[in-house]
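The values are calculated or read from the model by the stated rules, or taken from the named source; none is laboratory data. Predicted model, so just to flag it, every value in this text is computed and none were measured. Ideal geometry is used to build each Cβ from the backbone, glycine not excepted, and the neighbour counts take in all protein chains shown.
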Amino acid sequence: MMRPTLVLLALLAITTSAWAANDLTVSPRLGTVLGNDTVTIHLNTPLVCPTCTLPTTAVVGFGDARGRNVTIVDRNTITVTTPSHQRGVVDVVVTSGSLTLTGTGQFSFSGWGGAIARENYEAVLIPISVAPGTPIPGANFSQWISELWVRNSASRTVEYFLGFPQCNQLVNTCTGDSPFPSILPMTSVASAGGITDGTLAYVQRGGSDTFSLSLRVRDVSRTNENAGTDIPLVREEEFRKTPIQLLNVPIDSLSRTSLRVYDTEGKADTTANVRIYAMTGGDPLASTKLTLLKRGTVSSGFTTLASYVFISDLHTTFPQLADGRYRVEVIPANFLGWAFASSTNNDTQLVTTVTPQ
Amino acid sequence: MVRATVFACYLLSAICCLAADITVTPKSGSENGGDLVTLSGLTACNDCPGPTVRFGGVFSPQVTNLGNGVLQAITPPHVPGTVDVSVDPGFGGTVTNAFTYVTSGTLISANYERILIPLSLGSQQFPGAYGSLWASEIWVYNGNPWAGEMLFGNPDATCCPKTLIEAGEMRKADYIASSLTPFGIVAWVQKGSSRGMNFSLQVRDVSRAKLHSGTEMPVVHESEFHDSIDLLNVPIEPSSSRTALRVFNLDAPNQFPIRIVITRAAGGDPLVDDNTVVLRIAGVGGTVPSFARFVSLDDLAGRYPQIVGVGPVQISVSTGTDAKVWAFAAVTNNATQLITTVLPH
């Protein structure tokens, strides 16, 4: 014979189960308390019949807040931008005409110190070190600095941080109640130094279209001769597992041409094959296998540093190559990668980049 | 487990062949193949191994299972005409007369992605300031394991390049140019091939080849155009260089104004808020559209003297409409003629 308390608990459990509505599923099921994440809602019951016209709009509630930018993709699918909301688990309710569909406890809001969903953020590779302050001495009396700027042109705050957003107990309560590190609307920021080559930054996808970055390296001892060289900031969609092609790369005795290869997943040491071809085609004139070293950590899918390898001069590495222009092919060993070459003139220290286009 | 899955897929196939409502998009493409076709309304079989798709009995060189009953396939070459599209076990059956192959070089604009070549001097060399002699080089390499088409309108009617670029072919493509303008040239690459079609564009002062290897210019894919573009940390130093702003649009039907806002690099009140600048078509002619809409402000400091002496600036270019633009700044040193580009990232 069950005790009354247990019977009551069992009844409560059954009742709760009976009340839980599962008319829809949400992906991802986790977002920031700041809002501005894009989620997809799959409706188990279609909004309209197969031959009916799709409704132009619907209302999507997340707990007691309403989502923005509702788009009806098809009769079973809606995309919506999450509202800001205090930390916690909420019901998602879709209302369209007389139809109301509910997903009980389908979405969670979380902040700094709490859970975070990697798919809500776009990775951006910062290929070289950021050192805007004290110049770094180079060859032929060159003095190098590099400057990274970021700008949020949106009318809403956008989360942006380097690597996994570790919680700093000294300045943050780490309860999951506050947004992750972010850039205010219509704000430009010059980054401080100390950012290592191959660092991965993350931009909230809901604001990444209106989020801009700029990285320039220059020799401040020659500012009268040149304003520097633009270095690409590489968005996640440009990372690739297929061979990376660098065309028309100068390899000659007038300059040193370096090659940098990044594994943006950064989980372990890995390898990449490099083959160098004449611009007219044919078999490879030179090849080598590179080992990319793991340097950082991966937490909840966020990588701090890409695994990385650097060849300082292709001309000395492959002395069999005559002065000229070449196609350099980098073949990742099953990792999401990126690579670029840079040619620095021995006398003038002027830099030419060759990036995959 | 795999065998069980395959068996399940075959079973599903038998059912779905009777019930499937498969759509094929687009419904036509080049006889050379290389087009990206989406098949939807198939039986959802997310774990089925190795889906294959045939066009007129010829296997697609690459099929991607997007899940939820959607496949994407690259078309194989086939003689012109209408063919059946067949999907293998687990996904559906055969859709008769579902795809039409057309003659090579026919522009079906929905099948192509436009590629902006911001600057091309062709095979010519042009004298510039301070004894400079400018040249540009465009290279294209097809890294796909299938041939792909790149269409160029050839408005000068001076050459007859092949539209087809074979798998693994490297091509010097200086023919993508026009005597009408060096700016805003457009080429068209099949969407099914554009990811693996690699470009290189460099501009350099050949009179100073021993001092510098040149400046890389971006080749801009259609997807990189936006309704606003921000250029950050742009140097404005008229005592040593001139800074130009160049803005492009691919598809507005007519000329239209843009808005240019310039602030200090760190933001603040606008130093410039100009909506009088108009994008105009860079040129006309060609067998397919060959020119972007374009404007060049060759000397920002001369046009907007209020930005001189404030240090680097931030430039925002927007349209205020659905029209999309792409823009970059070029800083040319007065003495050395060396170019620094500032690009949107």
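Tabulated results
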{"quantity": "Complete set of residues in region B:210-227 that are crowded, with 18+ Cβ neighbours inside 10 Å, part of a loop (DSSP other than H, G, I, E, B) and more than 7 Å from every other protein chain (Cβ to nearest Cβ)", "calculated": "B:Phe225"}
{"quantity": "The one condition in (1) closer than 26 Å to B:Phe199 by Cα; (2) within 14 Å of chain B (Cβ to nearest Cβ) that A:Thr271 fails to fulfil", "calculated": "(2)"}
{"quantity": "Options A:Ser84, A:Ser27, A:Ser17, A:Ser96: the member that is polar (S, T, N, Q), at pLDDT 85 or above and more than 30 Å from A:Ile183 (Cα to Cα)", "calculated": "A:Ser96"}
{"quantity": "Tally of residues being assigned to a strand (DSSP E or B) and facing chain B (nearest Cβ under 7 Å) across region A:191-240", "calculated": "6"}
{"quantity": "Unmet criterion (only one of (1) modelled with pLDDT under 95; (2) closer than 18 Å to B:Phe199 by Cα; (3) more than 8 Å from every other protein chain (Cβ to nearest Cβ)) for A:Gly281", "calculated": "(3)"}
{"quantity": "Number of positions in region B:41-62 that are surrounded by fewer than 20 Cβ atoms within 10 Å (Cβ to Cβ), in a strand (DSSP E or B) and of a type in the set (A, V, I, L, M, F, W, C)", "calculated": "2"}
{"quantity": "A:Ala227, sole failed condition from (1) hydrophobic (A, V, I, L, M, F, W, C); (2) surrounded by fewer than 20 Cβ atoms within 10 Å (Cβ to Cβ); (3) without any contact (Cβ under 8 Å) to a residue 40 or more places away in the chain", "calculated": "(2)"}
{"quantity": "B:Phe248 in the same structural domain as B:Ser132 (by TED's automatic domain parsing), aromatic (Phe, Trp, Tyr) and at pLDDT 95 or above", "calculated": "yes"}
{"quantity": "Cross-chain or 6+ apart pairs with Cβ under 7 Å, region A:255-280 first and touching a residue at least 60 places away in the same chain (Cβ under 8 Å), then among the charged types (D, E, K, R) and assigned to a strand (DSSP E or B)", "calculated": "A:Thr270/A:Asp263; A:Thr271/A:Lys289; A:Asn273/A:Lys289"}
{"quantity": "Per-region count, region B:63-95, residues touching a Phe, Trp or Tyr at 6+ places or on another chain (Cβ under 8 Å), in contact (Cβ under 8 Å) with a residue 40 or more places away in the chain and either on the phi > 0 side of the Ramachandran plot or buried (at least 16 other Cβ atoms within 10 Å of the Cβ) (or both)", "calculated": "7"}
{"quantity": "Selection within region A:241-250 - of a type outside the set (S, T, N, Q) and in a strand (DSSP E or B)", "calculated": "A:Ile244, A:Leu246, A:Leu247, A:Val249, A:Pro250"}
{"quantity": "Contacts under 6 angstrom Cβ, first residue in region B:301-315 being assigned by TED's automatic domain parsing to the domain that holds B:Thr332, partner in a helix (DSSP H, G or I), 6 or more apart", "calculated": "B:Val308/B:Ala301; B:Val313/B:Ile307"}
{"quantity": "Options A:Ile183, A:Ile136: the member that is touching a strand residue (DSSP E or B) at 6+ places or on another chain (Cβ under 9 Å) and over 30 Å from A:Ser221 (Cβ atoms)", "calculated": "A:Ile183"}
{"quantity": "Scope region B:228-248; condition within 7 Å of chain A (Cβ to nearest Cβ) and of a type in the set (A, V, I, L, M); matching residues", "calculated": "B:Leu232"}
{"quantity": "Residue satisfying all of: in region A:301-357; small (Gly, Ala, Ser) and not in a loop (DSSP other than H, G, I, E, B); nearest to the other protein chains (Cβ to nearest Cβ) among these", "calculated": "A:Ser343"}
{"quantity": "Failed criterion for B:Gly283 (all others in (1) outside any strand (DSSP E or B); (2) surrounded by 23 or more Cβ atoms within 10 Å (Cβ to Cβ) hold)", "calculated": "(2)"}
{"quantity": "Failed criterion for A:Phe310 (all others in (1) surrounded by fewer than 21 Cβ atoms within 10 Å (Cβ to Cβ); (2) touching a helix residue (DSSP H, G or I) at 6+ places or on another chain (Cβ under 8 Å); (3) not small (Gly, Ala, Ser) hold)", "calculated": "(2)"}
{"quantity": "Region A:100-134 - residue that is in a strand (DSSP E or B) and of a type in the set (A, V, I, L, M) and, of those, surrounded by the fewest Cβ atoms within 10 Å (Cβ to Cβ)", "calculated": "A:Ala131"}
{"quantity": "Matching residues in region B:18-40 - criterion: being surrounded by 15 or more Cβ atoms within 10 Å (Cβ to Cβ), over 13 Å from B:Gln72 (Cβ atoms) and modelled with pLDDT under 90", "calculated": "B:Ala20, B:Ile22"}
{"quantity": "Within region A:135-161, considering residues that are part of a strand (DSSP E or B) and more than 14 Å from chain B (Cβ to nearest Cβ), the one surrounded by the fewest Cβ atoms within 10 Å (Cβ to Cβ)", "calculated": "A:Pro137"}
{"quantity": "Per-region count, region A:97-118, residues on the phi > 0 side of the Ramachandran plot and more than 23 Å from the chain's Cα centre (by Cα)", "calculated": "2"}
